[in-house]
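The values are calculated or read from the model by the stated rules, or taken from the named source; none is laboratory data. Note that the coordinates shown come from a computational prediction; the quantities given were computed from them, not determined experimentally. Reconstructed Cβ throughout: ideal geometry from the backbone, glycine too, with neighbour counts over all protein chains shown. Heads up: the accessible areas ignore ligands, DNA and RNA and are worked out on the full protein's heavy atoms, side chains in. Shrake-Rupley method; radii C 1.70, N 1.55, O 1.52, S 1.80 Å.
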Amino acid sequence: MSTKLLQDKVAIVTGAGRGLGEAVARAYAAEGAKVVVSDIDAAAAQKVADSLPGGAMAVACDVRDSAQVQALVDAAVARHGRLDIMVPNAGVARVAPLVATSYEEWREVTSVNLDGVFLCIRHAAPAIIAAGGGCIVNMASVTAKAACPLIGSYAAAKAGVVSLTQTAAIELRAHKVRVNAILPAFIDTELVTSHIPEFEAQLNLPDFGAVVAQRQGRYGKVEEVAHLAVFLASERSSFSNGSGFVLDGGISSSLL
Ligand SMILES: NC(=O)c1ccc[n+]([C@@H]2O[C@H](COP(=O)([O-])OP(=O)(O)OC[C@H]3O[C@@H](n4cnc5c(N)ncnc54)[C@H](O)[C@@H]3O)[C@@H](O)[C@H]2O)c1
């Protein structure tokens, strides 16, 4: 008997061409899942898919586009016959004070980070229900709980993801679909590292890394997030539903 936690489960991970999504895709594949690697960057998705043990399916998808998300779900079901797990992970950030944020920039962030999660739930849930139940694991952020200057649009979208997680969990419970969210703090990915110079310049910080070291000990590792994503997609978390799991090295528990 297999001891793998996700043996033969069919899972879609969006934004899986790099960073956290890639790590989740790798962890799911290692636990026996048939992973559909999706990203707006088709080449990145294909590269990750090709590198998974035994190969995997890659599907290009912009999560802002309802028809593309539906097509992603359809492609997964056409290839594997079912869908058990959806991980709406794709996200973007822009660094600017609210009063210097244009409406277009606001929409750029909220359309990926909030609308995209809605569309993934909206289109994946019927397929997961048809499979007899399963899990949705949303990638929120600890910024849903506490403000971080310069990323107000991002934080508002992530707070929306936590709310969507709760509503979807309650609405889908009778259909045996569990919905939870992960709320990481600063994890070492391009999303964070590419914006460090802007944070340092706009907040007049000499060393953003020193702030992270003081507030959360160190950067989180993508694998540490992936471990939680495996737990939330597996039967090990069978009584978890509608919850947001903070993964932050203590940053949201500390005044200094
Ligand atoms: N890195 C962190 O510290 C951190 C903390 C909390 C939450 N998160 C969340 O984790 C998720 C992944 O973040 P990451 O750090 O790996 O970021 P990343 O920038 O390294 O990767 C994001 C991926 O999403 C893809 N993407 C962007 N727009 C897309 C779209 N419209 N449709 C489909 N794919 C799209 C990108 O091509 C990229 O491959 C995001 O939702 C992010 O908000 C990250």
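Quick rundown of the values:
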{"item": "Selection count, region 1-32, where residues are out of contact with any Gly (no Cβ under 7 Å at 6 or more places or on another chain) and either among the charged types (D, E, K, R) or within 13 Å of the ligand (Cβ to nearest atom) (or both)", "result": "13"}
{"item": "Residues located in region 33-68, provided they are within 10 Å of the ligand (Cβ to nearest atom) and of a type in the set (Asp, Glu)", "result": "ASP39, ASP41, ASP62, ASP65"}
{"item": "Pair list, Cβ < 7 Å and 6+ apart or interchain, from region 223-246 residues that are of a type in the set (D, E, K, R) and open to solvent by 10 Å² or more (accessible area, probe 1.4 Å) to residues that are modelled with pLDDT of 95 or more and assigned to a loop (DSSP other than H, G, I, E, B)", "result": "ARG236/LEU5"}
{"item": "Considering residues of region 181-205 that are open to solvent by less than 70 Å² (accessible area, probe 1.4 Å) and without any contact (Cβ under 8 Å) to a residue 60 or more places away in the chain only, the residue nearest to the ligand (Cβ to nearest atom)", "result": "VAL192"}
{"item": "Test: LEU98 is open to solvent by less than 10 Å² (accessible area, probe 1.4 Å) and away from the ligand (no atom under 16 Å from the Cβ)", "result": "no"}
{"item": "Which listed residue, of GLY249, GLY242, is in a loop (DSSP other than H, G, I, E, B), within 16 Å of the ligand (Cβ to nearest atom), at pLDDT 95 or above and not aliphatic (A, V, I, L, M)", "result": "GLY249"}
{"item": "Sole residue being part of a helix (DSSP H, G or I), over 16 Å from the mean Cα position of the chain (by Cα) and touching a residue at least 60 places away in the same chain (Cβ under 8 Å), chosen from ARG82, ARG94, ARG173, ARG107", "result": "ARG173"}
{"item": "Counted residues, region 156-180 - those being of a type in the set (A, V, I, L, M, F, W, C) and near the ligand (Cβ under 10 Å from one of its atoms)", "result": "2"}
{"item": "Residue that is farthest from the ligand (Cβ to nearest atom), among those in region 128-148 that are more than 20 Å from GLY15 (Cα to Cα) and open to solvent by 20 Å² or more (accessible area, probe 1.4 Å)", "result": "GLY132"}
{"item": "LEU256 touching a Pro at 6+ places or on another chain (Cβ under 9 Å) and either in a helix (DSSP H, G or I) or away from the ligand (no atom under 16 Å from the Cβ) (or both)", "result": "no"}
{"item": "Among (1) among the small types (Gly, Ala, Ser); (2) more than 28 Å from ASP115 (Cα to Cα); (3) within 16 Å of the ligand (Cβ to nearest atom) - the single one ALA233 does not satisfy", "result": "(2)"}
{"item": "Pair list, Cβ < 8 Å and 6+ apart or interchain, from region 123-144 residues that are over 10 Å from LYS176 (Cα atoms) to residues that are assigned to a strand (DSSP E or B) and at pLDDT below 95", "result": "none"}
{"item": "Meets criteria (open to solvent by less than 20 Å² (accessible area, probe 1.4 Å), assigned to a helix (DSSP H, G or I) and either touching a Pro at 6+ places or on another chain (Cβ under 6 Å) or farther than 30 Å from ALA75 by Cα (or both)) for VAL117", "result": "yes"}
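Yes/no matrix, rows are residues, columns are (1) under 21 Å from the mean Cα position of the chain (by Cα); (2) more than 30 Å from THR3 (Cβ to Cβ); (3) polar (S, T, N, Q):
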position: GLU198; (1), (2), (3): no, yes, no
position: GLN202; (1), (2), (3): no, yes, yes
position: LEU205; (1), (2), (3): no, yes, no
position: VAL212; (1), (2), (3): no, yes, no
position: GLU224; (1), (2), (3): yes, no, no
position: VAL230; (1), (2), (3): yes, no, no
position: SER237; (1), (2), (3): yes, no, yes
position: SER240; (1), (2), (3): yes, no, yes
position: SER252; (1), (2), (3): yes, yes, yes
